[in-house]
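Chemist: One structure coming up, written as structure tokens, with questions to follow.
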Amino acid sequence: MKTGSLHSVFSFYFRSMTTPNVRVRFAPSPTGGLHLGGVRTVLFNYLFAKKNNGTFVLRVEDTDQGRYVEGAEDYIFDCLDWCGLTPDESVRKEGPYAPYRQSERKVIYHDYAEQLLKSGHAYYAFDTPEELEQMREQFKTAENPSPQYDHRTRGLMRNSLTLPEEETKQLLAAGTPYVVRIKMPENETVHFTDMIRGDIAHDTNVVDDKVLIKGDGMPTYHLAVVVDDYLMKITHAFRGEEWLPSAPVHIMLWKNLGWEKDMPKWAHLPLILKPDGNGKLSKRDGDRLGFPVFAMDWTDPRTGEKTTGFREHGFLPEAFVNMLALLGWNPGTEQEIFSLEELGQVFSMERVHKGGAKFDYEKAKWFNQQHIQRADNERLATLAAPFFEKEGIVTDPATLVKVVGLIKERCHLLADFVPQGRFFFEAPQSLDLDSIKGKWSDEKTSFFRTWSAQLDTVEWSHDALEASFSALATETGIKKGELMLPLRIMLVGGKFGPGVFDIIAMIGKEATQQRIATALAAL
RNA sequence: GCCGCGUUGGUCAAGGGGUUAAGACGCCUCCCUUUCACGGAGGAAUCACGGGUUCGAUUCCCGUACGUGGUACCA
């Protein structure tokens, strides 16, 4: 009995030491299309969870009612599903920490704001936007172009720190609009360890008293992220590098709320930069340079503006994800092509780069090409079919599977299957006759007439077709090499595509004879 | 301005006191292919700068420059 209880103590200890229940989260705000950088943040969260047998949570950060966009939340879920990065817990699959939408957790935040108010780590501020504006104007100097609401200025503003207690109570009772601000301490250095960057230090004197509860009663990101990460038992918090400057606010909150020992481990991911020049990659850059930035097509319901996505550009989700994984992270080996599953086995936050990475669309297409070569033809045909449809080309599934097999090595995008494969389904609209006109002769014309007629009796297979072609060439004394390019151009229209006899075997006698006749007439 | 974070070929990047400083994309040349592509073989191209420390710095330290992010009742 003694050993039994000892054992259970040990096993509990052991379990909690070696297999902490890893929980990570992605917390997007539903304000529009899902950016490539956002998907990569999801991916790193997801991979870290997979690697550590953890749980991936999706929490909707919809505390800014002014920026809420209809449909954006569904869109985000669709993108994640397409990528195969479906969360374990979310508004669609609730776990033990519901609700997963911050607007529905509003009351929760007030309790904690109250706690901070009571302990003196936060205060009420009644300043109107105009007063804030005025303060910034007043203290603006060449050296300090953007004065903050901080330890230097809070004593000059209308808040519960400067007002008599009675007056604060009266204002509150009268329903005067207010915000709750954190009271940043003076002369302290806030340290934390970032999994990617190591020790990070901030001087509290240069951090402002961030708003915690807004005038409309909603929490800001700063309060909400801390409260929710705590309540949802998040063990590792990964987010973009743009959050680094506000990290000390979050650390202070964890401390002031008395939760420091439960604070997640942080990792601030490097940014994805635009290919030319510098700066964060934006949707605009994609439009300008001709490549997608969002995961999938997105139409802004308010402006009607449509932005195309990687999916609609003809990317395979596994290629998209593979490309993203290698942007800012590498396995330390020479392997570059990974499945999502493989990534989940080898990923580690320590191998994430510190510096931002410029996005290279050419390399992205290479990843896609690599995955197309590895993909199953049936699946490729299914995925490519819509691209043919869009061009008004009628295909049948069985043929398309075969066609896809013949042309896939020429395709970087699913969209490439159309120009590479349309001649299998319809006669070429134009023929590159200029390439053969120069060396054309009546002998060649009669060769093709004869061969076209022979087609009626020849066995319809690649080898038999080629044999009859070669035999007639020998018989007429024309070099086969002189005839191959013309034949190709008659059939496909240009100097590209798989082997000619493969094409003929595929399109059949009627089409072959017809295309030869059409070309002969034009020569 | 201030604060934070960065900086290895054009791009993604490995490496981390002594190396011919990997590999990939792209580019160029050649081979293969009676087309195009795929594939293969080569090639050009890199440690931001200045000081230290050291027998020896691309690597460690300090500066500088440059870039980038933040400096909101946005996330």
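The values are calculated or read from the model by the stated rules, or taken from the named source; none is laboratory data. Worth saying up front: this structure is predicted, and the values here are computed from it rather than measured. For neighbour counting, all protein chains shown are included, and Cβ atoms are generated from backbone atoms with ideal geometry for every residue, glycine included. SASA here: full protein model, heavy atoms, side chains in, ligands and nucleic acids out. Shrake-Rupley method; radii C 1.70, N 1.55, O 1.52, S 1.80 Å.
Chemist: Quick check for you: with a 1.4 Å probe and neighbouring chains kept, what is the accessible area per residue of region A:17-99, in Å²? The partial results should precede the final answer.
Modeler: Values: 3150 Å² over 83 residues.
Result: 38 Å² per residue.
Chemist: If you don't mind, another one. Order of A:227-237, A:173-183 by packing, highest average Cβ count within 10 Å first?
Modeler: A:227-237, A:173-183
Chemist: Which number gives the lysine pairs in region A:176-262 that have C-alpha atoms under 22 Å apart and are eight or more places apart or on different chains?
Modeler: On the way: A:183/A:210; A:183/A:214; A:183/A:255; A:183/A:261; A:210/A:255; A:214/A:255; A:233/A:255; A:233/A:261.
Lysine pair count for region A:176-262: 8.
Chemist: Whole Å is fine, so just give me how far the alpha carbon centre of region A:494-523 lies from that of region A:297-353.
Modeler: 40 Å
Chemist: On to the next question. For residue A:363 and residue A:495, what is the calculated FRET efficiency with R₀ set at 22 Å and r taken between the beta-carbons, to the nearest 0.05?
Modeler: For R0 = 22 Å, the calculated efficiency reads 0.20.
Chemist: Next question, about the same structure. Cross-link candidates for residue A:495: which lysines have Cα within less than 28 Å, leaving aside residues fewer than 8 places away along the same chain?
Modeler: In chain and number order, the partners are A:363, A:365, A:390, A:402, A:408, A:437, A:439, A:444, A:479, A:480, A:509.
Chemist: May I ask you to list the residues of region A:506-523 whose amide nitrogen lies under 17 Å from a point 7 Å from Cα along the Cα→beta-carbon direction of residue A:399?
Modeler: In region A:506-523, the label zone of residue A:399 (backbone N under 17 Å from the point 7 Å along Cα→Cβ) covers A:506-516.
Chemist: Identify, among A:135, A:257, A:234, the residue whose Cα sits farthest towards the positive end of the charge dipole of region A:101-269, taking +1 on the Cβ of Lys and Arg and -1 on the Cβ of Asp and Glu, with the dipole about the Cα centre.
Modeler: A:234
Chemist: Packing-wise, with mean Cβ within 10 Å as the measure, how do A:318-329, A:422-433 rank, highest first?
Modeler: Top of the packing list down: A:318-329, A:422-433.
Chemist: Given a Förster radius of 56 Å and the C-beta distance between residue A:453 and residue A:203 as r, what FRET efficiency does 1/(1 + (r/R0)^6) yield to the nearest 0.05?
Modeler: For R0 = 56 Å, the calculated efficiency reads 0.05.
Chemist: Return the calculated 222 nm mean residue ellipticity for chain A, to the nearest 500 deg cm²/dmol, obtained by summing -39500 (n - 2.57) across DSSP H runs with n ≥ 4 and dividing by the residue count.
Modeler: Computed ellipticity for chain A at 222 nm equals -14000 deg cm²/dmol.
Chemist: Follow-up. Give the carbon-plus-sulfur fraction of the accessible surface of chain A in %, rounded to a whole number; probe 1.4 Å, heavy atoms of protein chains only.
Modeler: 51 percent
Chemist: Between residue A:339 and residue A:391, how many nm apart are label points set 7 Å from Cα along the C-beta direction?
Modeler: Taking the simple label geometry, residue A:339 and residue A:391 are separated by 3.1 nm.
Chemist: For region A:205-256, just say rounded, prolate or oblate: build the C-alpha gyration tensor, square-root its eigenvalues into a ≥ b ≥ c, call rounded for a/c under 1.5, and beyond that prolate if a/b exceeds b/c, oblate if not.
Modeler: Note, shape of region A:205-256 comes out oblate.
Chemist: What angle do you read, to the nearest 10 degrees and between 0 and 90, between the alpha-carbon axis of helix A:2-18 and the longest principal axis of chain A?
Modeler: Roughly 70 degrees, rounded to the nearest 10.
Chemist: Against the longest alpha carbon principal axis of chain A, how many degrees, from 0 to 90 and to the nearest 10, is the axis of helix A:361-374 turned?
Modeler: In chain A, helix A:361-374 runs at an angle near 60 degrees to the longest axis.
Chemist: Please report, in debye to the nearest 20, how large the charge dipole of chain A is about its Cα centre when each Lys and Arg carries +1 at its beta carbon and each Asp and Glu carries -1 there.
Modeler: 760 debye
Chemist: Here's a follow-up. Enter the Cα centre distance for the pair region A:393-419 and region A:133-195, rounded to the nearest angstrom.
Modeler: Each part reduced to its Cα centre gives a spacing of 63 Å.
Chemist: Can I ask one more? Roughly speaking, what is the stretch gain from residue A:442 to residue A:476, that is 0.36 nm per residue apart minus the C-alpha to C-alpha distance, in nm to one decimal? Show your work: numbers first, answer last.
Modeler: Values: separation 34, 0.36 × 34 = 12.24 nm, distance 1.20 nm.
Gain in length upon complete extension: 11.0 nm.
Chemist: Between 0 and 90 degrees, rounded to the nearest ten: what's the tilt of helix A:442-454 against the longest Cα principal axis of chain A?
Modeler: Taking Cα atoms only, the helix is inclined about 80 degrees.
Chemist: Shape of region A:101-269 from its Cα gyration tensor (a ≥ b ≥ c, root eigenvalues): rounded if a/c is under 1.5, otherwise prolate when a/b > b/c, or oblate?
Modeler: On the way: a/c = 1.97, a/b = 1.29, b/c = 1.53.
Cα axes put region A:101-269 in the oblate bin.
Chemist: While we're here: Gain in length, residue A:350 to residue A:78, computed as 0.36 nm per residue apart minus the alpha-carbon separation, to one decimal in nm? Each step should come with its number before you reach the end.
Modeler: Details: separation 272, 0.36 × 272 = 97.92 nm, distance 2.98 nm.
Extra length available between residue A:350 and residue A:78 comes to 94.9 nm.
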